[in-house]
Every structure is written in C-alpha cells, then in structure tokens.
Amino acid sequence: MKLILTESVTGLGNPGDVIEVKDGYGRNFLLPRGLAVAWTKGGEKQVTQIKRARKQREIRDRDHALEVKAQIEGLAVRVPAKAGETGKLFGSVTNVDVATAVRASGGPLVDKRKVALKGAVKTVGAHKATVTLHPDVVATVTFEVVAE
C-alpha cells in the first residue's frame with residue numbers, strides 16, 4: 001500500500017514522505033489515526049504543501065538555531081493554569097502549553113515535540129523546560145506558571 005505521511009512516524013519518515021507499507025499496517029494503524037493519507041496523483045499537491053510548511057518551521061542551520069535560542073531564552077514566558085488556594089494545579093502543564101506560551105510571548109513557533117519538561121509541572125511558580133532546536137543547540141526556557 002502506498003501512502004503519504006501527514007505526521008512524523010518513528011521508523012517510517014516525516015510529513016510529506018511517500019512510503020510503501022503492508023496493507024494491514026496502513027489500513028488498521030496509519031489511516032485511522034490520521035498519520036497518513038492514501039497516495040493518489042492529486043495527493044502530490046498535498047506532498048508539496050506539507051513539505052513547504054515543514055520547511056518554514058525548520059531551523060535552517062546551526063547559526064539560525066543559535067539566533068532562535070537567544071530569542072527564546074530572552075523571553076518572559078507565563079503559562080496560565082487553574083490552581084487551588086495552596087498553589088497546586090488542577091492537572092499539570094504540558095509541553096503543548098509551554099510551546100503555546102512561547103509563541104504567545106512573542107517568540108518563534110516552537111514544535112511541541114521538541115519541548116521537554118524535566119518532570120510533571122503541578123505547582124505555581126518558576127519552572128524550566130528544554131527545546132531542542134538543532135542536534136547541537138538546546139535552548140532552556142524558564143517559564144512561570146501563574147494561577148488563573
């Protein structure tokens with residue numbers, strides 16, 4: 001079965017890649033989860049759009065990654081969350097919340113899969129996360145969780 005990946009799948013490829021997989025794997029896993037679409041001649045247009053979007057999000061080289069790192073580390077990032085009177089959160093702050101807060105603070109668009117938290121963030125206050133921008137460049141984001 002020939003498919004076009006719409007999401008990054010470990011061991012198969014990145015969005016926009018045309019892959020050949022066994023029928024059952026494609027029909028029962030990739031297609032229902034929205035990780036891929038069936039390959040067609042019209043699907044080639046989708047491939048170019050997906051690759052164009054991926055290229056805009058990507059860090060071009062190490063120098064560009066260093067520029068983005070300086071920009072991210074200079075931000076004052078605040079993550080609003082619902083919390084009780086003692087400062088304990090109702091739930092936790094995730095990598096998606098941090099990526100969204102970086103963008104809302106005026107920073108660059110950060111891929112949520114590249115954000116790593118050291119542990120579960122379940123309290124109000126200052127916390128740290130790392131963002132892998134390039135294999136050689138890792139930015140540290142200091143963010144403050146504030147009660148809504």
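Below, the figures for the structure above:
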quantity: Breaking point among (1) surrounded by 14 or more Cβ atoms within 10 Å (Cβ to Cβ); (2) closer than 16 Å to E73 by Cα, for V124; calculated: (2)
quantity: Breaking point among (1) at pLDDT 90 or above; (2) over 27 Å from G16 (Cα atoms), for G74; calculated: (1)
quantity: Residues of the stretch 118-148 classified as farther than 14 Å from T100 by Cα, in contact with a helix residue (DSSP H, G or I) (Cβ under 7 Å, 6 or more places away or on another chain) and among the hydrophobic types (A, V, I, L, M, F, W, C), total; calculated: 3
quantity: Residues that are at pLDDT 90 or above, surrounded by 16 or more Cβ atoms within 10 Å (Cβ to Cβ) and not in a loop (DSSP other than H, G, I, E, B), drawn from the stretch 5-22; calculated: I19
quantity: Hey, V68 in contact with a Leu (Cβ under 6 Å, 6 or more places away or on another chain), buried (at least 16 other Cβ atoms within 10 Å of the Cβ) and within 28 Å of D17 (Cβ to Cβ) or not; calculated: yes
quantity: Strands (runs of 3 or more DSSP E) wholly inside the stretch 39-141 containing at least 3 residues that are outside the structural domain of K22 (by TED's automatic domain parsing) and farther than 21 Å from N14 by Cβ; calculated: 77-81, 88-93, 121-123, 125-134
quantity: Near pairs, Cβ below 8 angstrom, 6+ apart or cross-chain, from the stretch 75-97 (on the phi > 0 side of the Ramachandran plot) to any residue that is surrounded by fewer than 18 Cβ atoms within 10 Å (Cβ to Cβ); calculated: G87/T123; G87/G125; G87/A147; G91/K82; G91/K122
quantity: Selected residue (criterion: surrounded by the fewest Cβ atoms within 10 Å (Cβ to Cβ)) from residues of the stretch 28-38 that are assigned to a helix (DSSP H, G or I) and within 24 Å of the chain's Cα centre (by Cα); calculated: F29
quantity: Meets criteria (modelled with pLDDT under 90 and among the β-branched types (V, I, T)) for V68; calculated: yes
quantity: Odd one out for Y25, checked against (1) in a helix (DSSP H, G or I); (2) closer than 30 Å to V145 by Cα; (3) not aliphatic (A, V, I, L, M); calculated: (2)
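The values are calculated or read from the model by the stated rules, or taken from the named source; none is laboratory data. Since the model is a prediction, treat every value here as computed from it, not as a measurement. In this analysis, Cβ positions are derived from the backbone assuming ideal geometry, glycine residues included, and neighbour counts consider all displayed protein chains.
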